[in-house]
Amino acid sequence: DAGITQSPRYKITETGRQVTLMCHQTWSHSYMFWYRQDLGHGLRLIYYSAAADITDKGEVPDGYVVSRSKTENFPLTLESATRSQTSVYFCASSDRERQAYEQYFGPGTRLTVT
Amino acid sequence: GENVEQHPSTLSVQEGDSAVIKCTYSDSASNYFPWYKQELGKGPQLIIDIRSNVGEKKDQRIAVTLNKTAKHFSLHITETQPEDSAVYFCAAGRWSGGYNKLIFGAGTRLAVHP
């Protein structure tokens, strides 16, 4: 049972470049989420998706784009990376049939923008 | 706005002692309170959660208590072991705009010394 995976695990990119972080889940969960984790801030929601082709903004969406053409994939794109987007990014998923309360997290992607 | 305060930020205990982490939330509509454990280099792992219609929940050495009147909930770990060393996050959640919105605390770094 692979669960939820993220790639790459580590990424260094330059300011202004586009970068895409991948998230894949094998549970067929309806809901998927992208969070960023910064020291002193805990986890903050960037975007979420309730189902394929349904996405919406979270708390800190500026500078990010998401898509969800398939239930199992939820890529996050930084269209023009900035240093303030240096962070650890976590993808999560939850199951509609369990009232979508429990969220399960992937291993994270550490992104550094130079 | 909505926020969750978590204390202490760091906690050091001797193996076998108990550890208590406390969280206070601001949104009175919150009705779901999960706790996550994050080990170094890994994603947050759900360890226990409680709904607002329950005052206490226990699972082996860990327990969570909830005081809705005071908007306060706590994680209790008894008979701590070195493998309990990690960063622990609390969160307060409620259904909002089509998904379960979680607001996370900033985290507590627990160190259990042999």
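General remarks:
- Packing-based order for B:63-70, A:104-111, B:42-49, B:8-15, using average beta carbon neighbours within 10 Å, highest first: A:104-111, B:42-49, B:63-70, B:8-15
- Shielding by partners for peptide A:102-114, expressed as the average number of C-beta atoms from other protein chains within 10 Å of each residue's C-beta, is 3.
- Over 26 Å (Cα to Cα) - which of A:LYS11/B:LYS37; B:LYS22/B:LYS57; A:LYS57/B:LYS68 fall in this group: A:LYS57/B:LYS68
- Database remark: amide H of B:ASN3 closer than 5 angstrom to the amide H of B:SER26, B:ASP27 (H placed geometrically; neighbours at sequence offset of 5 or more, or on other chains; Pro and chain starts carry no H).
- Across chain B, the mean sequence separation of Cα contacts (distance under 8 Å, 6 or more residues apart), normalised by length, yields a relative contact order of 36 percent.
- Ranked A:MET32, A:MET22, criterion: other C-beta atoms within 10 Å, fewest first: A:MET22, A:MET32
- Taking A:SER84, A:SER67, A:SER28 as the candidate residues, the one with maximal mean-square fluctuation in a Gaussian network model of chain A, Cα springs under 10 Å, is A:SER84.
- Phi to ³J(HN,Hα) by Karplus 6.51 cos²θ - 1.76 cosθ + 1.60 over segment B:42-53, Hz, x for Gly, Pro: 10, x, x, 10, 5, 10, 6, 8, 9, 9, 6, 8
- For segment A:39-47, Karplus couplings with θ = phi - 60° (6.51, -1.76, 1.60), whole Hz, Gly/Pro x: 4, x, 10, x, 10, 10, 7, 9, 8
- Net charge of the neighbourhood of A:SER87, taken over other residues with C-beta under 12 Å away and scored Lys/Arg +1, Asp/Glu -1, is +4.
- In this Cβ point-charge picture (+1 for Lys and Arg, -1 for Asp and Glu), segment B:1-94 has a dipole of about 380 debye about its Cα centre.
- Sites matching chymotrypsin sites (Phe, Trp or Tyr not before Pro) across segment B:8-84 that sit in DSSP coil, with at most 14 neighbouring C-beta atoms within 10 Å: none
- Between the beta carbons of B:HIS76 and A:ARG44, assuming R0 = 35 Å, the FRET efficiency works out to 0.85 to the nearest 0.05.
- Inter-chain Cβ neighbour average for residues B:33-44, partner chain, 10 Å: 4
- Relative contact order for chain A, counting Cα pairs under 8 Å that sit 6 or more residues apart, in percent: 35
- Extending 7 Å from Cα along the Cβ direction at A:THR26 and again at B:ALA111 yields two label points whose distance is 3.7 nm.
- For segment B:15-41, the residues whose amide N sits under 13 Å from a probe point set 7 Å from the Cα of B:LYS68 along the beta carbon direction are B:28-33.
- Most mobile listed residue (A:ARG17, A:ARG36, A:ARG68) in chain A, GNM with C-alpha springs under 10 Å: A:ARG17
- Cβ-placed point charges (K, R +1; D, E -1), dipole of the protein assembly as shown about Cα centre in debye, nearest 20: 300
- Once the Cβ-Cβ distance of A:SER84 and B:SER9 is raised to the sixth power relative to R0 = 22 Å, the FRET efficiency obtained is 0.45.
- Taking the centroid of alpha carbons for each part, segment B:74-114 and segment B:1-58 are 3 Å apart.
- Residues B:VAL112, A:VAL65, arranged from fewest to most other Cβ atoms within 10 angstrom of their Cβ, appear as A:VAL65, B:VAL112.
Since every read-out is calculated from the coordinates, none of them should be taken as a lab result. Fair warning: this is a prediction, and the values are worked out from it, not measured in the lab. Cβ atoms come from the backbone with ideal geometry, glycine included; neighbour counts cover every protein chain shown.
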